[in-house]
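Here's the structure we're looking at; comments come further down.
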Amino acid sequence: MSSPANPYPSSQVLAPNGEASGSKPQPTISKAEQSRQRRAVQEQQRAAKAAAKTAPNVPGPSRPRSGSKLPPAPSTPKKSGAGPSKTQKDSKDAGSLAGDEFTGKSRGLRIFSHFGLPKPVSHVGKGDIHPAIVRLGLQFSEFKISGANARCIATLIAFKTVIQDYITPPNNTLSRHLMTHLSPQITHLVSARPMSVTMGNAIRQLKLEISGSDIDLPEQDAKDVLCHKIDHYIRDRIIIADQVIQEIAGSKIKDGDVILTYARSSVVEKVLLRAFSDEKSFSVIVVDSRPMLEGKKLLSVLSSAGISCSYLLLPAIGSVITEVSTVFVGAHSLHSNGAVFSRAGTALVAMMAKQHSVPVVVCCETYKYSEGVQLDSFTKNELAPSSDLLSSYPLTRPRETLNLKGQPNLEILNPLYDLTPPTSITAVVTEVGVIPPSSISSIPFALGRQTL
């Protein structure tokens, strides 16, 4: 008598949940359901991290899985191996959240969120950062070194120290590994304050010199050659260029002229001192604005040299513009379309001068030339540090009652630069001559090469 047929094959055994489990277990959840559950778990983890920032390793809910879908052995080393990287990622997220809180308090308005802000720079750099670079980054962030020329010279001098202290690792060449060594140094400076056009051009030239260095030279000789190249760049593109600009722009100043300048430009200061040393009789009107009030330093230098000076703030320029013979201003950078990127307020001075038919002369070295085209000062700018707006006013009430900081409904924003259109500029004085704004793009050809 035959036995009744077995409803399950011999290779299959009923699992406790009523499913058949064999050599190839069947999934109990569809792929779409698994994806939905994974997304739900990720959302819960994000919500938990946002709710408790102080707990970097918040365990999320375990993902439901079938009894025999995945063996536990492969998942254990993967989880333990991912532990340190997750901790580093969480600490990085916590640092970025702290930075976002700082910048959020400073910006206040989302419309200015892309502006470069003075950031708190640590005394200890991340990675292999040279002490000279750490010190320079602190000076940049605190605006103890400001001005395009001063920042570029300070950066190149710091790089000379970095190069002299550099030691090429075994099985490497200086021309290749030094570029890698300089990258974190540059990143640290950029984190302290956005890189200027002058610094970018100088660093680009330095990298070109490093890549072209002779690999057969001894290491110390190669480093000495690079330091000499840096010295030559400072001498030729900044110091001698300023001397040529002093001579060319000084010839435009005549006896009895009234020169107006805005804020403080190192090359304009040298032009005025050179013209006064040539025994020319003229007076200077220094126009200034907050928050940096750089014109005070220029006023001190010119008046101590014996030049007759007047000092006023930017809103009062309309009362003196009719008496001005020529306007001399400096530049942070010079763009290929003839626009000048300079200290905020320069565009207002140039437009006011054009309205009253007063020539506007920009004194600028060619190494400040940028091939890019900028149409406004909103797409790329920087915020100046806030200062005590009431420090120079007579106080009739206690200073605590006049403090504008910490007000919940008040944010003080000071854009550092503005863009002067080429139509408001009469001429640009460079070391290669006097160039009209419409011919600024010919500067690289005047220097004998295609690009800077």
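The values are calculated or read from the model by the stated rules, or taken from the named source; none is laboratory data. Quick caveat, the model's predicted, so the values are computed rather than measured. Cβ placement follows ideal geometry from the backbone for every residue including glycine, while neighbour counts extend to all protein chains displayed. Heavy atoms of the whole protein, side chains included, go into the accessibility calculation; ligands, DNA and RNA do not. Shrake-Rupley method; radii C 1.70, N 1.55, O 1.52, S 1.80 Å.
So G338 ticks every box in (1) in a loop (DSSP other than H, G, I, E, B); (2) open to solvent by 30 Å² or more (accessible area, probe 1.4 Å) but one. Which box is left unticked?
Failing condition for G338: (2).
Please work out which residue is modelled with the lowest pLDDT, limiting yourself to segment 21-55 and to residues that are surrounded by fewer than 13 Cβ atoms within 10 Å (Cβ to Cβ), within 47 Å of the chain's Cα centre (by Cα) and in a loop (DSSP other than H, G, I, E, B).
Step by step, filter segment 21-55, then rank; the result is A55.
Of the numbered conditions (1) open to solvent by 10 Å² or more (accessible area, probe 1.4 Å); (2) touching a Gly at 6+ places or on another chain (Cβ under 8 Å); (3) under 26 Å from M195 (Cα atoms), C364 fails exactly one; give the number of that condition.
(1)
Cβ-Cβ distance below 7 Å, separation of 6 or more or different chains: which pairs start in segment 132-153 with a residue that is on the phi > 0 side of the Ramachandran plot and end on one that is open to solvent by 20 Å² or more (accessible area, probe 1.4 Å)?
Hits for this filter: F143/P385; G147/S266.
So which residues in segment 386-403 are open to solvent by less than 60 Å² (accessible area, probe 1.4 Å) and either modelled with pLDDT of 90 or more or assigned to a loop (DSSP other than H, G, I, E, B) (or both), if there are any at all?
Answer for segment 386-403, where residues must be open to solvent by less than 60 Å² (accessible area, probe 1.4 Å) and either modelled with pLDDT of 90 or more or assigned to a loop (DSSP other than H, G, I, E, B) (or both): S387, L389, L390.
Has segment 197-214 got at least one residue that is buried (at least 20 other Cβ atoms within 10 Å of the Cβ), in contact with a strand residue (DSSP E or B) (Cβ under 7 Å, 6 or more places away or on another chain), touching a residue at least 60 places away in the same chain (Cβ under 8 Å) and closer than 25 Å to A241 by Cα?
Yes - at least one qualifying residue is present in segment 197-214.
What number of residues within segment 110-138 are open to solvent by 70 Å² or more (accessible area, probe 1.4 Å) and either within 25 Å of Y417 (Cα to Cα) or modelled with pLDDT of 70 or more (or both)?
Residues that pass the stated criteria total 8.
Among the residues in segment 254-266, are any open to solvent by 30 Å² or more (accessible area, probe 1.4 Å), assigned to a helix (DSSP H, G or I) and under 16 Å from G330 (Cα atoms)?
yes
Name the one entry in S310, S281 that is part of a loop (DSSP other than H, G, I, E, B), out of contact with any Phe, Trp or Tyr (no Cβ under 7 Å at 6 or more places or on another chain) and open to solvent by 30 Å² or more (accessible area, probe 1.4 Å). Please lay out each step first, then the result.
Values: S310 fails: part of a loop (DSSP other than H, G, I, E, B).
Of S310, S281, the one residue that is part of a loop (DSSP other than H, G, I, E, B), out of contact with any Phe, Trp or Tyr (no Cβ under 7 Å at 6 or more places or on another chain) and open to solvent by 30 Å² or more (accessible area, probe 1.4 Å) is S281.
Do we have S303 as surrounded by fewer than 22 Cβ atoms within 10 Å (Cβ to Cβ), touching a strand residue (DSSP E or B) at 6+ places or on another chain (Cβ under 6 Å), assigned by TED's automatic domain parsing to the domain that holds V361 and within 30 Å of S442 (Cβ to Cβ) here?
no
Would you be able to say whether some residue in segment 288-295 is within 26 Å of the chain's Cα centre (by Cα) and either among the aromatic types (F, W, Y) or open to solvent by 40 Å² or more (accessible area, probe 1.4 Å) (or both)?
Yes, segment 288-295 contains at least one residue that is within 26 Å of the chain's Cα centre (by Cα) and either among the aromatic types (F, W, Y) or open to solvent by 40 Å² or more (accessible area, probe 1.4 Å) (or both).
Quick one: count up the residues across segment 313-335 that are in a helix (DSSP H, G or I) and either touching a residue at least 12 places away in the same chain (Cβ under 8 Å) or over 21 Å from L383 (Cα atoms) (or both). Break it down into steps so the answer makes sense when it comes.
Taking segment 313-335 first, the residues in a helix (DSSP H, G or I) are 314-319, 321-323.
Keeping just the survivors that are either touching a residue at least 12 places away in the same chain (Cβ under 8 Å) or over 21 Å from L383 (Cα atoms) (or both) gives 314, 316-319, 321-323.
Qualifying residue count, segment 313-335: 8.
What are the residues in segment 184-193 that are assigned to a helix (DSSP H, G or I) and closer than 21 Å to A148 by Cα, if any?
Q185, I186, T187, H188, L189, V190, S191, A192, listed by residue number.
Pull up segment 404-440, narrow it to residues that are buried (at least 20 other Cβ atoms within 10 Å of the Cβ) and polar (S, T, N, Q), then point me to the one that is nearest to I239 (Cα to Cα).
Restricting to residues being buried (at least 20 other Cβ atoms within 10 Å of the Cβ) and polar (S, T, N, Q), the top hit is T430.
Could we say that L189 is at pLDDT 95 or above and open to solvent by less than 30 Å² (accessible area, probe 1.4 Å) here?
Taking the combined requirement at face value, the residue does not satisfy it.
Hey, I248 hits all of (1) in contact with a strand residue (DSSP E or B) (Cβ under 6 Å, 6 or more places away or on another chain); (2) open to solvent by less than 30 Å² (accessible area, probe 1.4 Å) but one; which does it fall short on?
The one condition I248 does not meet is (2).
Could you count how many residues in segment 356-374 are touching a Phe, Trp or Tyr at 6+ places or on another chain (Cβ under 8 Å) and over 23 Å from I240 (Cα atoms)?
The qualifying residues number 1.
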